[in-house]
Amino acid sequence: MLTRIKDLTETLAPRLIEIRRHIHSHPELSGQEYQTAAYVAGVLSSCGIHVQEAIGKTGVIGELKGQSPDKRLLAIRTDMDALPINERTQLDFASRQPGVMHACGHDVHTTVGLGTAMVLSQLGETLPGNVRFLFQPAEEISQGASWMIQDGVMEKVESILSVHVFPSIPAGSVGIRYGALTAAADDLEITIMGESGHGARPHEAIDAIWIASQVITTLQQAISRTQNPLRPVVLTIGQIKGGRAPNVIADHVQLVGTVRSLHPETHANLPIWIEQILSQICQTYGARWEMNYKRGVPSVQNDTALTQLLEASAKEAWGSDRVQILPEPSLGAEDFSLYLEHAPGSMFRLGVGYPDKHNYPLHHPQFEVDESAIVTGVVTLAYAACRYWQ
């Protein structure tokens, strides 16, 4: 089976490069993936795969029936949206949409998903069970997975696999991570309300800017002394708004930021911890406060058995020297985690780095991928899918 999958993928490789470059040239922002979705649906239909469009607003699903319809249903999820970044790669197939770019590799993800569908569809009756391909919109705004789930894509799904490009390891390599792969990502908004006054008489006012500075500093310092260092927390205030004039003490300051964590228990307790610090500081200096803590997506926690499946499949396909066990998770977020609330799953990292030139990070306007990685991704996913039912 592995030899056949590799042969089919190598035959399809030129077509897969063509698909990837088309998608890269025509990026669409989150929730606006209309052309991408239509293109994906067309490719799936040409393979004889049953297609449903407008799932999760602009998402697409493809249903592939194997020889035993009663076997467990495996889902394979890839995402389609691009970022509001002006591309500076100077590639011949660079973005034709000003200010929009596939800077996170979702063009590669979509291509790998399509390639896996194309390969598995050619296995015919030798495919052991059923596969549902999920082509998801709006991952970059952490909305698409919930849209897809609301439209029922996880019904009868017993396991789910996914992939994400990783420029830190070379193309041809696969990164495997057990346990936490990404962080939970929450949004934080704090409003501090003091009393205005003259800048020359601070004792007659309640300085919201100064109090905000105490809140920021204390939160950062308290992490190292009140949070378990083996369960990391990253709190970043990215915006501060307040004040009207240089000689007027501000009576109102807004802080907006993000909170990242890996451990579920820590994630659950963070709002109370922040609120306690905020309350103590504001009460000490006579200010009032409001906090809006918005839960985002949880941490991706890779299922052990499915991660073992990916590791074993990749090692058999490429050899142990091309499979890396990643020692650290990422504090980035991934809404793939929402699917894991409905079925166990695992996501692997697909190396896309060039061995002989500088590799820009994800979300960089000069981010590029070594396209040879597409074959690696397709073979790994397709073979893992076939082994799933063994």
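The values are calculated or read from the model by the stated rules, or taken from the named source; none is laboratory data. This is a predicted model, so every value here is computed, not measured. Cβ placement follows ideal geometry from the backbone for every residue including glycine, while neighbour counts extend to all protein chains displayed.
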- Task: Report whether or not Leu331 is out of contact with any Pro (no Cβ under 6 Å at 6 or more places or on another chain), assigned to a loop (DSSP other than H, G, I, E, B), modelled with pLDDT under 95 and more than 15 Å from Arg77 (Cβ to Cβ).
- Result: yes
- Message: Restricting to region 1-29, and then to whatever is farther than 28 Å from Gln97 by Cα and touching a helix residue (DSSP H, G or I) at 6+ places or on another chain (Cβ under 6 Å), can you tell me which residue is modelled with the lowest pLDDT?
- Response: Met1
- Of the numbered conditions (1) within 21 Å of Gly332 (Cα to Cα); (2) part of a helix (DSSP H, G or I), Gly296 fails exactly one; give the number of that condition. (2)
- Would you call Thr116 part of a strand (DSSP E or B), within 24 Å of the chain's Cα centre (by Cα), of a type in the set (Val, Ile, Thr) and at pLDDT 95 or above? no
- Note on region 334-356: residues in contact with a helix residue (DSSP H, G or I) (Cβ under 9 Å, 6 or more places away or on another chain) and not in a loop (DSSP other than H, G, I, E, B) are Phe336, Ser337, Leu338, Tyr339, Gly345, Ser346, Met347, Phe348, Leu350, Gly351, Val352, Gly353
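Within region 40-52, restricting attention to residues that are in contact with a helix residue (DSSP H, G or I) (Cβ under 7 Å, 6 or more places away or on another chain) and buried (at least 16 other Cβ atoms within 10 Å of the Cβ), which residue is nearest to Met148 (Cα to Cα)?
Pass one, region 40-52, residues in contact with a helix residue (DSSP H, G or I) (Cβ under 7 Å, 6 or more places away or on another chain): 40, 43-44, 47-49, 51.
The next check asks that each one be buried (at least 16 other Cβ atoms within 10 Å of the Cβ); those that pass are 40, 43-44, 47, 49, 51.
On the way: Val40: 16, Val43: 20, Leu44: 18, Cys47: 23, Ile49: 19, Val51: 14 Å.
Among those that are in contact with a helix residue (DSSP H, G or I) (Cβ under 7 Å, 6 or more places away or on another chain) and buried (at least 16 other Cβ atoms within 10 Å of the Cβ), it is Val51.
Within region 186-200, how many residues turn out to be in a loop (DSSP other than H, G, I, E, B) and more than 17 Å from Gly242 (Cα to Cα)? Break it down into steps so the answer makes sense when it comes.
To start, the set of residues in region 186-200 that are in a loop (DSSP other than H, G, I, E, B) comprises 194, 196, 199-200.
Checking the rest, the ones that are also more than 17 Å from Gly242 (Cα to Cα) come to 200.
Matching residues across region 186-200 total 1.
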- Query: Looking at (1) more than 18 Å from Arg77 (Cα to Cα); (2) among the hydroxyl-bearing types (Ser, Thr, Tyr); (3) touching a residue at least 12 places away in the same chain (Cβ under 8 Å), which is the only condition Ser299 fails?
  - Reply: (1)
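Which ones in region 152-173 are touching a helix residue (DSSP H, G or I) at 6+ places or on another chain (Cβ under 9 Å) and outside any loop (DSSP other than H, G, I, E, B)?
Within region 152-173, the subset touching a helix residue (DSSP H, G or I) at 6+ places or on another chain (Cβ under 9 Å) is 153-154, 157, 159-165, 170-173.
Of everything in region 152-173, those that are touching a helix residue (DSSP H, G or I) at 6+ places or on another chain (Cβ under 9 Å) and outside any loop (DSSP other than H, G, I, E, B) turn out to be Val157, Ser159, Ile160, Leu161, Ser162, Val163, His164, Val165, Pro170.
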- Query: Does region 30-60 hold any residues that are part of a strand (DSSP E or B) and either more than 21 Å from His102 (Cα to Cα) or not assigned by TED's automatic domain parsing to the domain that holds Ser146 (or both), and which are they?
  - Reply: His50, Val51, Gln52, Glu53, Ala54, Ile55
